[in-house]
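Student: If you scroll down you'll find the structure; I have some questions about it.
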Amino acid sequence: MAFGPHLLLAALEGLVTSAVLALMALGLSLVFGVMRVVNVAHGEFFMLGAVLAWWASSLVTGHPALGFLLALVVSPLVVGAIALLAERLVLRRLDYNPEATIVATIGLLYIIQQLALTFYGPDARPVQAPFSYRVLFPWFGYSGYKLSIIAVSALLLTATWFVLTRTRLGLVMRATQYDREIAQAFGIPVGKVYAGVFALGAMLAALAAVLIVPISQAHYLMGLDPLLLSFIVVIIGGLGSLRGTVVAAVLIGLSDGIISAFFQPTLAKIIATLLVALVLVFRPTGLFGTAVR
Amino acid sequence: MSDKRIVALHAGVILLLFLLQFVLPDYHHGVLARVMVLAVFAMGYNILFGYAGLLSLGHAMFFSAGLYGAGLPLYHLDWGTAAAFTSGIAAGAALALVIGLLALRTTGVAFMIVTMMFAQVLYLTTFYFGSWTRGDEGLVLPQQQRVLSLGTMHFDLTDPTVRYFTALLLFSIVLLALLMVVRAPIGRVLVAIRENEERTRMLGYDTFANKLIAVVVSGGVCAAAGATYALLFGYVGATFASVQYSILPLLWVLLGGAATTLGPLVGTLFMYYVVDITSGFTTAWLLVVGVALILLVLFFPKGILGTMREKWLPWLP
């Protein structure tokens with residue numbers, strides 16, 4: 001393949017990564033922005049979403065789209081419920097103390113991972129894509145499903161943006177993010193907002209997982225890499241900034257796709273991680289963020 | 001008065017560990033040697049987390065800097081054990097200095113994420129140089145290289161008695177040194193920084209320099225544990241650089257009691273046996289670690305010795 005088409009292919013792969021990453025990082029960013037909680041278990045919610053997608057789609061026989069649609073509904077709901085439970089039972093009792101919640105979510109990470117290993121097993125299992133249409137470019141054919149991931153992700157991101165900026169619910173969330181105590185004084189049920197945001201964040205991760213699982217298979221250790229990547233995205237984009245998160249996800253996804261198409265992946269990861277750590281050191285608010293209040 | 005009690009307590013612990021080697025059955029003898037080395041790792045972590053109040057999620061990098069800093073020259077260049085041990089500590093302290101200079105520019109959540117990322121970089125680096133480190137598979141140091149020569153005397157570090165004694169020696173030196181450090185002015189300043197950094201700065205202390213010292217000492221002690229681990233147990237692998245080994249010292253210190261000198265030993269010993277015993281019934285030991293972390297942070301945030309200090313023994317250092 002010539003350089004041009006090769007680059008196009010790498011860019012498309014990168015965009016698919018970006019699309020999934022943006023959803024997942026948005027969840028992490030919302031939880032951090034509103035609750036000031038760094039959710040280390042976010043990657044495990046992603047993994048759980050993928051594993052549940054496999055389980056849901058294996059319940060249905062017949063056309064693969066039926067199983068996939070069922071997974072798309074069931075998986076985020078179950079993951080959201082688990083996140084809600086964790087929030088009520090653990091995080092709330094810690095009064096959202098940043099260090100204590102990190103330790104607690106690390107604990108949650110291990111628990112979810114071990115339960116997945118015990119009940120789901122160490123194998124990677126595929127979920128069939130809902131359709132297998134191929135888009136034909138002049139140089140190569142490309143999976144139509146992958147292109148649809150980009151579209152669906154864009155749709156979900158727009159919907160989240162709409163909810164955050166144009167609805168009463170979003171107003172309540174932004175008020176809580178801006179100043180927890182004043183929000184409470186104005187009668188906003190801050191506790192409920194926190195619970196809702198934590199569940200919403202987990203559901204976004206689960207959705208991202210359901211979308212990716214027809215391409216990459218469900219495995220109990222699949223959570224760590226996306227977690228680190230989402231951290232990177234959230235940091236580069238500025239903690240708690242939606243626009244920044246999306247821009248950074250596209251940036252990271254594209255460069256990841258292109259770099260790993262042309263260079264050795266381990267070296268690419270080393271350089272990327274180091275760069276991000278240095279960004280955080282020298283520009284703690286990220287490239288688009290404003291100072292943390 | 002309290003000084004005597006403190007000295008007696010620490011001397012007693014060391015004496016007890018010394019005597020235990022004569023009564024313990026083989027298996028527990030080996031476990032205790034390992035636990036003492038890992039407790040040194042936890043003590044190094046405790047300096048930064050317990051005393052200076054900086055939560056790092058990347059201490060595996062200092063442990064593995066010691067591990068590789070000692071293991072690689074020994075394996076590839078055939079350095080002696082003493083030189084390898086020194087190079088391990090030097091590698092860890094140098095890394096800690098660089099990481100400290102960078103990471104200490106951030107605070108709170110950003111500090112945790114930055115340290116975690118630097119540790120991840122080191123973890124990936126061990127894979128990148130796979131031709132020397134053999135990545136996940138790791139290196140097994142051959143027995144004939146693991147001999148400590150002092151003058152005309154030769155100690156075989158693979159011998160259980162020598163191994164136990166070396167681990168005890170390292171543990172005792174680090175324990176007593178840390179006891180002195182935390183009771184010295186620098187230790188008090190670190191606690192002051194943990195409690196209120198702004199006010200400490202206003203009192204005229206250079207908080208950045210003090211925190212940097214804490215990072216370097218902490219990194220050096222963790223590296224000493226890593227180097228000793230490589231020499232005593234003869235295995236150098238990338239597992240020790242993974243995120244898990246950054247979390248474990250946090251767990252051990254939290255369990256034993258942050259900012260207590262003996263807490264790391266208690267926590268490491270307790271957790272080692274909890275995992276050891278539960279893995280007899282189930283392979284789900286990660287579940288045990290996870291549940292322990294959550295229960296600790298929910299109901300027992302001060303740990304075993306921290307709670308004892310609060311309730312009964314206010315003099316406990």
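The values are calculated or read from the model by the stated rules, or taken from the named source; none is laboratory data. What you see is a predicted model; the values in this text were computed from it and never measured. For neighbour counting, all protein chains shown are included, and Cβ atoms are generated from backbone atoms with ideal geometry for every residue, glycine included. The accessibility values were calculated without ligands, DNA or RNA, using every heavy atom of the protein model including side chains. Shrake-Rupley method; radii C 1.70, N 1.55, O 1.52, S 1.80 Å.
Student: Among the numbered criteria (1) under 16 Å from B:S242 (Cα atoms); (2) part of a helix (DSSP H, G or I); (3) away from every other protein chain (no Cβ under 14 Å), which single criterion is violated by B:T86?
Tutor: Here B:T86 meets the rest and fails (1).
Student: Name the residue that is nearest to the other protein chains (Cβ to nearest Cβ), counting only residues in segment A:110-121 that are under 17 Å from A:S58 (Cβ atoms) and more than 21 Å from the chain's Cα centre (by Cα).
Tutor: Here the answer is A:F119.
Student: Within the group B:F22, B:F41, B:F18, which residue is touching a residue at least 24 places away in the same chain (Cβ under 8 Å) and either of a type in the set (S, T, Y) or open to solvent by 30 Å² or more (accessible area, probe 1.4 Å) (or both)? It would help to see each step written out before you state the result.
Tutor: Values: B:F22 fails: touching a residue at least 24 places away in the same chain (Cβ under 8 Å); B:F41 fails: either of a type in the set (S, T, Y) or open to solvent by 30 Å² or more (accessible area, probe 1.4 Å) (or both).
B:F18 is the lone residue from the list that is touching a residue at least 24 places away in the same chain (Cβ under 8 Å) and either of a type in the set (S, T, Y) or open to solvent by 30 Å² or more (accessible area, probe 1.4 Å) (or both).
Student: On the given criteria, is B:I6 buried (at least 24 other Cβ atoms within 10 Å of the Cβ), at negative phi and of a type in the set (A, V, I, L, M, F, W, C)?
Tutor: Taking the combined requirement at face value, the residue does not satisfy it.
Student: Residue under question is A:L229, and the condition is that it be facing chain B (nearest Cβ under 8 Å), out of contact with any Pro (no Cβ under 9 Å at 6 or more places or on another chain) and of a type in the set (A, V, I, L, M, F, W, C); does it hold?
Tutor: Answer is no for this residue.
Student: Show me the helices (runs of 4 or more DSSP H) entirely contained within segment A:131-245 in which 3 or more residues are closer than 30 Å to A:V281 by Cα and free of Cβ contacts under 8 Å to residues at least 60 places away in the same chain.
Tutor: Once the helices (runs of 4 or more DSSP H) in segment A:131-245 are filtered for at least 3 residues that are closer than 30 Å to A:V281 by Cα and free of Cβ contacts under 8 Å to residues at least 60 places away in the same chain, what remains is A:224-237.
Student: Please find, among B:T228, B:T307, the residue that is more than 14 Å from chain A (Cβ to nearest Cβ), under 30 Å from B:W79 (Cα atoms), among the hydroxyl-bearing types (S, T, Y) and open to solvent by less than 30 Å² (accessible area, probe 1.4 Å).
Tutor: B:T228
Student: Something else: Being under 26 Å from A:F231 (Cβ atoms) and more than 14 Å from every other protein chain (Cβ to nearest Cβ): is that true of B:F63 here?
Tutor: yes
Student: From B:Y68, B:Y75, B:Y51, which residue is away from every other protein chain (no Cβ under 14 Å), at pLDDT 90 or above, open to solvent by 10 Å² or more (accessible area, probe 1.4 Å) and touching a strand residue (DSSP E or B) at 6+ places or on another chain (Cβ under 9 Å)? It would help to see each step written out before you state the result.
Tutor: Values: B:Y75 fails: at pLDDT 90 or above; B:Y51 fails: touching a strand residue (DSSP E or B) at 6+ places or on another chain (Cβ under 9 Å).
Every option except B:Y68 fails the conditions.
Student: To continue, here is another question. Can you tell me which residue among B:R163, B:R105 is part of a helix (DSSP H, G or I), basic (K, R) and either touching a helix residue (DSSP H, G or I) at 6+ places or on another chain (Cβ under 9 Å) or open to solvent by less than 70 Å² (accessible area, probe 1.4 Å) (or both)? Break it down into steps so the answer makes sense when it comes.
Tutor: Values: B:R105 fails: part of a helix (DSSP H, G or I).
Step by step, each of B:R163, B:R105 is checked, and only B:R163 is part of a helix (DSSP H, G or I), basic (K, R) and either touching a helix residue (DSSP H, G or I) at 6+ places or on another chain (Cβ under 9 Å) or open to solvent by less than 70 Å² (accessible area, probe 1.4 Å) (or both).
Student: Could you list, in sequence order, all residues of segment B:102-132 that are of a type outside the set (S, T, Y), touching a Ser or Thr at 6+ places or on another chain (Cβ under 6 Å) and more than 9 Å from chain A (Cβ to nearest Cβ)?
Tutor: B:A119
Student: Enumerate the pairs (first residue in segment A:63-77 and more than 15 Å from A:V51 (Cα to Cα); second residue anywhere and modelled with pLDDT under 90 and surrounded by fewer than 18 Cβ atoms within 10 Å (Cβ to Cβ)) with beta-carbon separation below 6 Å, excluding pairs fewer than 6 apart on the same chain, so at least 6 apart or on different chains.
Tutor: A:P64/A:Q128; A:L66/A:V60
Student: Could you say whether any residue in segment A:61-68 is more than 10 Å from every other protein chain (Cβ to nearest Cβ), among the aromatic types (F, W, Y), over 30 Å from B:M112 (Cα atoms) and in contact with a helix residue (DSSP H, G or I) (Cβ under 9 Å, 6 or more places away or on another chain)?
Tutor: yes
Student: Determine, yes or no, whether B:I99 is facing chain A (nearest Cβ under 7 Å) and in a helix (DSSP H, G or I).
Tutor: No.
Student: Tell me, yes or no, whether segment A:76-97 has at least one residue that is hydroxyl-bearing (S, T, Y), within 16 Å of A:V197 (Cα to Cα) and within 10 Å of chain B (Cβ to nearest Cβ).
Tutor: No; the residues of segment A:76-97 include none that is hydroxyl-bearing (S, T, Y), within 16 Å of A:V197 (Cα to Cα) and within 10 Å of chain B (Cβ to nearest Cβ).
Student: Could you grab me the full set of residues in segment A:253-267 that are at pLDDT below 85, open to solvent by 20 Å² or more (accessible area, probe 1.4 Å) and not in a loop (DSSP other than H, G, I, E, B)?
Tutor: A:S255, A:D256, A:I258, A:I259, A:S260, A:A261, A:F262, A:P265, A:T266, A:L267, listed by residue number.
Student: Right, here's the next one. Take the conditions within 17 Å of B:M43 (Cβ to Cβ) and surrounded by fewer than 20 Cβ atoms within 10 Å (Cβ to Cβ) and apply them to B:Y272. Does it pass?
Tutor: So B:Y272 fits the description; yes.
Student: Take the conditions touching a Lys or Arg at 6+ places or on another chain (Cβ under 8 Å) and away from every other protein chain (no Cβ under 14 Å) and apply them to B:T200. Does it pass? Lay out the reasoning, then the answer.
Tutor: Working: touching a Lys or Arg at 6+ places or on another chain (Cβ under 8 Å): no; away from every other protein chain (no Cβ under 14 Å): yes.
Answer is no for this residue.
Student: From the list B:A209, B:A214, exactly one residue is open to solvent by 30 Å² or more (accessible area, probe 1.4 Å) and not charged (D, E, K, R). Which is it?
Tutor: B:A209
Student: Considering each of B:L170, B:L250 in turn, give the residue that is closer than 23 Å to B:Y272 by Cα and crowded, with 23+ Cβ neighbours inside 10 Å.
Tutor: B:L250
Student: Still on this structure, I have one more. Could you grab me the full set of residues in segment B:218-263 that are aliphatic (A, V, I, L, M), touching a Phe, Trp or Tyr at 6+ places or on another chain (Cβ under 9 Å) and within 26 Å of B:P314 (Cβ to Cβ)?
Tutor: Correct list: B:L250, B:V253, B:L254, B:L255, B:A258, B:A259.
Student: For segment B:81-120, which positions are of a type in the set (V, I, T) and at pLDDT 90 or above?
Tutor: B:T86, B:I89, B:V98, B:I99, B:T115
Student: Read through the list (1) open to solvent by 30 Å² or more (accessible area, probe 1.4 Å); (2) touching a Pro at 6+ places or on another chain (Cβ under 8 Å), then give the number of the only condition that B:Y245 fails.
Tutor: Every listed condition holds for B:Y245 apart from (2).
Student: Condition first: among the polar types (S, T, N, Q) and either within 28 Å of B:V109 (Cα to Cα) or touching a residue at least 60 places away in the same chain (Cβ under 8 Å) (or both). Can you find one or more residues in segment A:89-99 that meet it?
Tutor: Yes, there is a match, as at least one residue in segment A:89-99 is among the polar types (S, T, N, Q) and either within 28 Å of B:V109 (Cα to Cα) or touching a residue at least 60 places away in the same chain (Cβ under 8 Å) (or both).
Student: For the structure I just gave you, tell me whether A:I102 is part of a helix (DSSP H, G or I), touching a residue at least 40 places away in the same chain (Cβ under 8 Å) and over 30 Å from A:A2 (Cα atoms).
Tutor: Criteria met by A:I102.
Student: Condition test on B:P301, is it of a type outside the set (V, I, T), assigned to a loop (DSSP other than H, G, I, E, B) and within 13 Å of chain A (Cβ to nearest Cβ)?
Tutor: yes
Each row is one residue, and each column tells you yes or no for (1) within 14 Å of chain B (Cβ to nearest Cβ); (2) out of contact with any helix residue (DSSP H, G or I) (no Cβ under 8 Å at 6 or more places or on another chain); (3) open to solvent by less than 50 Å² (accessible area, probe 1.4 Å).
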| site | (1), (2), (3) |
| --- | --- |
| A:A206 | no, no, yes |
| A:L224 | yes, no, no |
| A:V276 | yes, no, yes |
| A:V281 | yes, no, yes |
